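**Student:** Submitted below is the structure of interest, expressed as structure tokens.
The values are calculated or read from the model by the stated rules, or taken from the named source; none is laboratory data. These numbers come from a predicted model, not from an experiment. Neighbour counts run over all protein chains shown; Cβ positions are idealised from the backbone, glycine included.
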Amino acid sequence: MLHFSDLFQYTDVFLSGLLTTVELTLLTTILGIALGTCCAAIRQYGHTVSQRLVAVYVELIRNTPFIVQLFFIFFGLPAIGLKLTPWQASMIALTINLGAYSTEIIRAGLSSIPKGQIEAAKVLGMNFRQTLTRVIFTPAFEKIYPALTSQCIIVMLGSAVISQISVEDLTYAANLVQSRNFRAFESYLVTALLYLVLAIALRFIFNQIGKRLFAYREVR
Amino acid sequence: MSLVNLHQVHKYYGDNHVLKGIDLDIQAGEVVSIIGKSGSGKSTLLRCINGLEEYQQGGITLDGKEVTTEDIQVRCLALSVGMIFQNFNLFPHMTVGENIMLAPTIVLKKSKAEAAAVAKAMLEKVGLAEKFDSYPEKLSGGQQQRVAIARALAMSPKVLLCDEITSALDPELVGEVLKVLEQLAQEGMTLILVTHEMNFARDVGNRVVFMHQGKVWEEGDSKQLLSSPQTDELKQFIGAVL
């Protein structure tokens with residue numbers, strides 16, 4: 001027999017967990033894409049040394065498990081005097097992780113821009129910053145927008161791991177509830193559905209933003 | 001004083017010696033056509049004039065100022081040299097109006113209203129006033145190229161460099177672009193064109209420069225040069241294209 005009604009008394013626990021996950025997701029998505037954008041621009045247009053540094057960062061993050069990155073930041077860094085709260089450590093770990101993956105994605109977008117676009121901006125007298133923000137970014141992001149959206153959702157789902165350092169997110173709530181009432185099936189099923197709703201909502205938000213940013217595609 | 005002056009310009013791509021000592025002197029108001037086989041260095045020459053390509057020896061001056069590829073220099077140059085490309089290079093995410101207004105607003109710091117007025121005037125000039133709010137992809141190649149001309153003109157350049165600007169167009173669209181150029185020439189704009197349009201070079205141009213193997217092989221008055229070429233190479237070239 002299944003007893004979903006046993007979860008009702010824990011509604012607040014689920015809601016507060018959901019809120020933490022949403023909060024962290026929104027923050028790290030914004031910060032992660034910002035970080036990825038900067039790194040991608042350096043990787044594509046920067047000097048050799050800074051290009052290498054970004055490459056090392058990207059490869060380091062993409063070739064190690066997220067949970068190890070998280071544990072290193074939370075349990076490892078205090079050894080050199082950097083003590084972070086679980087929430088701070090998670091925020092940093094998620095941002096760095098998304099930053100690395102989105103660097104490669106955004107760079108693919110940047111390299112898809114024909115050289116002629118940059119030359120056209122140059123002969124019109126624009127400086128590099130103006131060229132990047134006015135001429136390159138919009139078409140570049142348009143090309144990789146679906147991939148970037150998926151990556152943000154992957155990171156959101158991966159954030160379940162932060163319950164391991166006792167951040168009270170959605171997964172933490174599920175663990176807590178099932179340890180109290182032993183309704184593992186119900187508890188994790190509801191949690192899975194909540195993640196599904198979150199993923200759909202995040203994709204919806206991305207699509208809405210995309211429609212605005214790339215409106216020129218619609219009117220074509 | 002000449003508007004554009006090239007003195008013994010040499011350019012190498014690695015070991016490849018592309019420009020072998022170019023001397024050229026262009027006066028304000030002249031329409032100069034640079035012709036020659038592909039690989040003869042004509043586009044490279046054009047791109048050296050506005051600093052898109054660097055050169056290794058010699059000197060180029062524009063209105064008395066030296067041309068280098070230093071970023072800041074390119075931007076100063078942009079204020080006096082306009083360039084139009086074979087592939088138009090309009091910005092796809094902006095309307096025609098926004099394409100033309102962008103540089104005047106962010107480079108020349110004109111107000112939106114002022115830039116819009118200039119954009120409209122320039123579109124009028126190229127016969128596309130009604131396309132102000134269209135996106136480039138909705139236009140034909142010829143229309144896109146005319147927008148690109150309007151975009152360059154909005155910066156009120158002293159010289160307009162045209163890099164094979166009709167080569168990517170369907171044959172029936174070439175005429176509308178050349179007509180705009182002819183009108184500009186009549187208004188006294190200095191034009192330097194890399195072109196394969198021999199009729200245009202002869203009828204509208206003042207001067208033809210024939211490039212061969214990285215050198216100015218032959219140059220002179222356009223009608224005279226094209227009707228009675230002196231060198232075998234030019235004779236052969238004219239025979240091949242006409």
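**Student:** All but one of (1) assigned to a helix (DSSP H, G or I); (2) surrounded by fewer than 18 Cβ atoms within 10 Å (Cβ to Cβ) hold for residue A:117; state the number of the condition that does not hold.
**Tutor:** So residue A:117 meets the others, but not (2).
**Student:** Another question, if that's okay. Filter segment B:131-161 down to residues that are of a type in the set (A, V, I, L, M, F, W, C) and free of Cβ contacts under 8 Å to residues at least 60 places away in the same chain and give me whichever is farthest from residue B:110 (Cα to Cα).
**Tutor:** B:139
**Student:** Also, I was wondering about something else. Take the residues in segment A:37-58 that are farther than 23 Å from residue A:115 by Cβ and touching a residue at least 24 places away in the same chain (Cβ under 8 Å), then tell me which one is surrounded by the fewest Cβ atoms within 10 Å (Cβ to Cβ).
**Tutor:** For segment A:37-58, the residue satisfying everything is A:57.
**Student:** Which condition number does residue B:102 fail, the rest of (1) among the aliphatic types (A, V, I, L, M); (2) within 21 Å of residue A:214 (Cβ to Cβ); (3) more than 7 Å from every other protein chain (Cβ to nearest Cβ) being met?
**Tutor:** The one condition residue B:102 does not meet is (3).
**Student:** Anything in segment B:132-167 that is of a type in the set (Gly, Ala, Ser) and more than 11 Å from chain A (Cβ to nearest Cβ)? List them, or say none.
**Tutor:** B:140, B:141, B:142, B:150, B:156, B:167
**Student:** Could I ask something else about it? Here's a check for you: in segment B:86-130, which residue that is free of Cβ contacts under 8 Å to residues at least 12 places away in the same chain and of a type in the set (Ser, Thr, Tyr) is surrounded by the most Cβ atoms within 10 Å (Cβ to Cβ)?
**Tutor:** So the residue we want is B:105.
**Student:** Applying the selection to segment A:144-174, what residues are surrounded by fewer than 18 Cβ atoms within 10 Å (Cβ to Cβ) and within 15 Å of residue A:190 (Cβ to Cβ)?
**Tutor:** Result: A:160, single match.
**Student:** Do we find a residue being touching a residue at least 60 places away in the same chain (Cβ under 8 Å) and among the small types (Gly, Ala, Ser) anywhere in segment A:5-24?
**Tutor:** yes
**Student:** Here is a follow-up. Determine which member of the set A:90, A:50, A:16 is in a helix (DSSP H, G or I), closer than 19 Å to residue A:193 by Cα and polar (S, T, N, Q).
**Tutor:** None of the other options fit; the residue is A:16.
**Student:** Could we say that residue A:7 is surrounded by 15 or more Cβ atoms within 10 Å (Cβ to Cβ), at pLDDT below 95 and out of contact with any His (no Cβ under 7 Å at 6 or more places or on another chain) here?
**Tutor:** yes
**Student:** Also: Report those strands (runs of 3 or more DSSP E) wholly inside segment B:1-109 carrying at least 3 residues which are at pLDDT 90 or above and more than 23 Å from residue B:146 (Cα to Cα).
**Tutor:** Output list reads B:4-13, B:16-26.
**Student:** Still on this structure, please answer the following. Can you name every residue in segment B:1-31 that is more than 19 Å from the chain's Cα centre (by Cα), within 11 Å of residue B:55 (Cα to Cα) and among the aliphatic types (A, V, I, L, M)?
**Tutor:** If the condition is that a residue be more than 19 Å from the chain's Cα centre (by Cα), within 11 Å of residue B:55 (Cα to Cα) and among the aliphatic types (A, V, I, L, M), then B:18 is the only one that fits.
**Student:** Now for a different question. Please specify each residue of segment A:106-133 satisfying the condition of being closer than 18 Å to residue B:82 by Cβ and of a type in the set (Val, Ile, Thr).
**Tutor:** Passing the criteria: A:118, A:123, A:131.
**Student:** Would you check if residue B:39 is touching a residue at least 60 places away in the same chain (Cβ under 8 Å), over 17 Å from residue A:119 (Cα atoms) and out of contact with any Asp or Glu (no Cβ under 9 Å at 6 or more places or on another chain)?
**Tutor:** no
**Student:** Whether any residue in segment B:134-143 is under 27 Å from residue B:31 (Cα atoms), among the hydrophobic types (A, V, I, L, M, F, W, C) and crowded, with 18+ Cβ neighbours inside 10 Å is what I want to check.
**Tutor:** No, segment B:134-143 contains no residue that is under 27 Å from residue B:31 (Cα atoms), among the hydrophobic types (A, V, I, L, M, F, W, C) and crowded, with 18+ Cβ neighbours inside 10 Å.
**Student:** Which of the numbered conditions does residue B:129 fail, given that it passes all the others? Conditions: (1) under 22 Å from residue A:116 (Cα atoms); (2) more than 14 Å from chain A (Cβ to nearest Cβ); (3) in contact with a Lys or Arg (Cβ under 8 Å, 6 or more places away or on another chain).
**Tutor:** (1)
Residues are listed down the side, and each one gets a yes or a no for (1) out of contact with any strand residue (DSSP E or B) (no Cβ under 9 Å at 6 or more places or on another chain); (2) surrounded by fewer than 14 Cβ atoms within 10 Å (Cβ to Cβ); (3) within 14 Å of another protein chain (Cβ to nearest Cβ); (4) among the hydroxyl-bearing types (Ser, Thr, Tyr):
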{"site": "B:7", "(1), (2), (3), (4)": "no, no, no, no"}
{"site": "B:11", "(1), (2), (3), (4)": "no, no, no, no"}
{"site": "B:17", "(1), (2), (3), (4)": "no, no, no, no"}
{"site": "B:33", "(1), (2), (3), (4)": "no, no, no, yes"}
{"site": "B:48", "(1), (2), (3), (4)": "no, no, yes, no"}
{"site": "B:53", "(1), (2), (3), (4)": "no, no, yes, no"}
{"site": "B:56", "(1), (2), (3), (4)": "no, yes, no, no"}
{"site": "B:84", "(1), (2), (3), (4)": "no, no, yes, no"}
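**Student:** Looking only at helices (runs of 4 or more DSSP H) that lie completely in segment A:137-220, which have at least 2 residues being more than 14 Å from chain B (Cβ to nearest Cβ)?
**Tutor:** Once the helices (runs of 4 or more DSSP H) in segment A:137-220 are filtered for at least 2 residues that are more than 14 Å from chain B (Cβ to nearest Cβ), what remains is A:137-158, A:170-181, A:184-213.
**Student:** Do you know which of the residues in segment A:104-136 that are facing another protein chain (nearest Cβ under 7 Å) and among the small types (Gly, Ala, Ser) is farthest from residue A:55 (Cα to Cα)?
**Tutor:** Step by step, filter segment A:104-136, then rank; the result is A:125.
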